[in-house]
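Q: Pasting a structure here, questions to come.
The values are calculated or read from the model by the stated rules, or taken from the named source; none is laboratory data. Worth saying up front: this structure is predicted, and the values here are computed from it rather than measured. As a convention, Cβ positions derive from the backbone with ideal geometry for all residues, glycine included, and neighbour counts pool all protein chains shown. Heavy atoms of the whole protein, side chains included, go into the accessibility calculation; ligands, DNA and RNA do not. Shrake-Rupley method; radii C 1.70, N 1.55, O 1.52, S 1.80 Å.
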Amino acid sequence: MSKSKFTTIGRKILMALSGFFLMFFLLQHLTINMLSVVSPDMFNDVSQFMGTNPVVQFALQPVLIFAVFFHFIMGIVLELQNRRARSIKYAYSKPGTNSSWISRNMIITGLVVLAFLGLHFYDFWVHEMTVKYGGGDMSGLINPNDLDSGYRYHEELVAKFVDPVRVIIYVISFVLLSLHLMHGFQSSFQSMGVSKGKNFIKKFGNVFAIAVPALFVFIAIYHHLQH
Amino acid sequence: MNLTLKIWRQEDAKSPGKMVTYPISNIEGHMSFLEMMDILNDELIEKGEEPVAFDHDCREGICGMCSMYINGEAHGPDRRVTTCQLHMRMFKDGETIHIEPFRANSFPVLKDLMVDRGAFDRIQQAGGYISVNTSGNTQDANSLPIPKADADLAMDAATCIGCGACVATCKNSSAMLFVSAKVSQYALLPQGRVEAKDRVLNMVNQMDIEGFGNCTNTGACEVECPKGISLDNIARMNRELIKAKA
Ligand code: HEM
Ligand code: SF4
Ligand code: FES
């Protein structure tokens, strides 16, 4: 362990940076999704831009995929290491007296989010990749041979939320993401060594952790009820 | 009061251990937890049984030797106290008290409730000092101006008694609170800045070699620490590490 390039703290800092990056991504994703409620046309335009712009596709997207993989693989590695640090457990322990459930169970909330990401990738990303790079259709049109058919993104989005089971899965996942972020937001600052303004960071983190997932849930339910 | 004690008994470092139940009576609220353990041990000795081995020294909360995980918490249910300062009035008549050694692979059990905290000594030896000339030419400490706020923070960090409650409490058996207190106490003072980089790198490296877990910022250590060492020290250590690596 001593010869490893990164100390335990170094790994924690990388964990924090990847978490931080994912939170930024979440905000950006939310902004675009909100457009689907406000203006389907704008949503379509931005989706087409994001889906075909080479910088987004070949620079930002790989970084994002790397960050996701890095974050959850490192999360699992750290969790396993931490479990190994105490092979004989306490016969009687009261962790609830000194720490919160969410702070102790980041791996559980994280793994649920990971399972959700699997479904989410299958729902949207795999489909996009198949149409664009598998089928070679970069037009983003409902009917690629008919320029007047309009973009397909908004229609496809709404179609996903017809199924109430899927909506429920989305809602549950976002509740767990919210719990993940309630600890994760402030934790990432602490890991990066920020202790000035700790109380503000905690409060702001809670607002972020509730508001962002809540808006995603709102969008899913909105489309479910609208179709 | 009358109590039921469930205590971890383990012959030596190699033997497996188990929880053993002992009833105990006539315990007064003003007794310390260790006095209660003394009474139990007197009774065991009279009966010709092996007394319960546990660590202790000063019995006034300054040496850090006493340990024990009492009713699911390091140093028991009270706050900002060591086990020797824990009063029996914190417990109710008829209560069952679980007593276990501090658990972490880096703190192997030697016997019963005694654990080997030598890992902390080795971390300390890796960098928890400043190199000064003590051959008679020592500079007067007051000749170096130090802002009061920094002096206070350094003093707060220096109150860590190396008891290991932070490790025992942490779900990851992380030693970050201890190491960060030792790093901070020097990082805040001009005398400590000279070797600051090597100190943080060497101490963190030793911490990793000893096999302590990774901090996940649950904050349990800060709550259970008898000296109230703040999580801010961990943030400071992380900053020191980033500076040293950069
Ligand atoms: C959009 C998705 C996600 C976001 C925004 C996110 C965000 C964060 C943040 C900000 C942290 C705090 C980093 C720190 O403590 O320094 C964190 C920690 C963590 N995350 Fe995630 N995460 C996400 C997905 C996942 C997934 C899929 C897993 C799967 C295992 C996961 C597992 C963990 C673990 C184990 C930790 C460490 C817990 C700790 O150190 O307190 N996360 N996450
Ligand atoms: S930081 Fe607190 S709990 Fe940890 S060793 Fe020092 S005094 Fe004990
Ligand atoms: S015996 Fe010294 S601190 Fe408890």
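Q: At 222 nm, what value in deg cm²/dmol follows for chain A if DSSP H runs of at least 4 each add -39500 (n - 2.57) and the sum is divided by all its residues, to the nearest 500? Can you show the working numbers first?
A: Values: 9 runs with 156 residues, N = 227.
Rounded to the nearest 500, it is -23000 deg cm²/dmol.
Q: Right, here's the next one. Would you rank B:Met207, A:Met138, A:Met42 by solvent-accessible area, highest first, keeping every protein chain in place and using a 1.4 Å probe?
A: Largest to smallest exposure gives the sequence A:Met42, A:Met138, B:Met207.
Q: Sticking with this structure for a sec: Looking at the P(r) of chain B, how many percent of alpha-carbon pairs lie beyond 35 Å?
A: For chain B, the fraction of Cα-Cα distances above 35 Å is 22 percent.
Q: How shielded is B:227-237 by partner chains, expressed as the average number of their Cβ atoms within 10 Å of its Cβ atoms?
A: Other-chain Cβ atoms within 10 Å of each residue's Cβ, averaged: 3.
Q: Within 10 Å of each Cβ in B:164-174, how many Cβ atoms from other chains are there, averaged over the peptide?
A: 4
Q: Next question, about the same structure. For the pair A:Leu80 and A:Asp146, what calculated FRET efficiency results from E = 1/(1 + (r/R0)^6), where r is the Cβ-Cβ distance and R0 = 51 Å, to the nearest 0.05?
A: Result of the calculation: an efficiency of 0.45.
Q: Kindly compute the accessible surface that chains A and B hide from a 1.4 Å probe when together, both sides summed, and give it to the nearest 100 Å².
A: Roughly 3600 Å² of accessible surface disappears when A and B pair.
Q: Just report the Cα centroid separation between the range B:88-135 and the range A:175-227, whole Å.
A: Answer, in whole Å: 37.
Q: While we're here: So how do A:181-191, B:162-172, B:58-68 stack up, highest first, on mean other-Cβ count within 10 Å? Provide the component values of the computation, followed by the final result.
A: Numbers: A:181-191: 24.0, B:162-172: 26.5, B:58-68: 19.1.
The peptides rank, most packed first, as B:162-172, A:181-191, B:58-68.
Q: Same structure again: Using 0.36 nm times the number of residues separating A:Lys196 and A:Ala214, minus their current alpha carbon distance, what extension gain do you get?
A: 3.7 nm
Q: Longest exposed-loop-site-free stretch of chain A, with trypsin sites (Lys or Arg not before Pro), DSSP loop and at most 13 other Cβ within 10 Å?
A: Of all site-free stretches, the longest is A:90-195.
Q: About the Cα centre of the range B:3-111, how large is the charge dipole given +1 on each Lys and Arg Cβ and -1 on each Asp and Glu Cβ? Please answer in debye to the nearest 20.
A: So the dipole magnitude of the range B:3-111 works out to roughly 460 debye.
Q: Still on this structure: For chain A, what does the relative contact order come out to in percent, with C-alpha contacts under 8 Å and a separation of six or more?
A: Relative contact order of chain A: 29 percent.
Q: Heavy atoms only, probe 1.4 angstrom, no DNA, RNA or ligands counted: give me B:Asp93, B:Asp232 ranked by accessible area, highest first.
A: In descending accessible area the options line up as B:Asp93, B:Asp232.
Q: Let me ask another. Pairing the Cα long axis of helix A:164-191 with the longest principal axis of chain A, what angle in degrees results, from 0 to 90 and rounded to the nearest 10?
A: Approximately 50 degrees, to the nearest 10.
Q: For chain B, what does the helix formula give at 222 nm: sum of -39500 (n - 2.57) over DSSP H segments with n ≥ 4, over the residue count, nearest 500 deg cm²/dmol? Mind showing how you got there, number by number?
A: Values: 9 runs with 89 residues, N = 246.
Using -39500 (n - 2.57) per qualifying helix, the result is -10500 deg cm²/dmol.
Q: Would you give the gap between the C-alpha center of the range A:113-143 and the C-alpha center of the range B:28-74, rounded to a whole Å?
A: Taking the Cα centre of the range B:28-74 as reference, the centre of the range A:113-143 is 65 Å away.
Q: At 1.4 Å probe size, with the rest of the protein present, what percent of the exposed accessible area of the range B:3-111 is carbon and sulfur atoms? The partial results should precede the final answer.
A: Details: 2430 of 5040 Å².
Of all accessible area on the range B:3-111, carbon and sulfur atoms account for 48 percent.
Q: With springs only between Cα atoms under 10 Å, which of A:Ile65, A:Ile107, A:Ile13 fluctuates most in a Gaussian network model of chain A?
A: A:Ile65
Q: Can you give the average number of partner chain beta-carbon atoms within 10 Å of each beta-carbon in peptide A:195-206, as a whole number?
A: So the per-residue partner count for this stretch is 1.
Q: Continuing with this model, one more query. Any idea what the dipole of the protein assembly as shown comes to, in debye rounded to 20, about its Cα centre with Lys/Arg Cβ at +1 and Asp/Glu Cβ at -1?
A: Numbers: 43 positive and 44 negative charges, 150 e Å.
Around 720 debye, computed over the protein assembly as shown.
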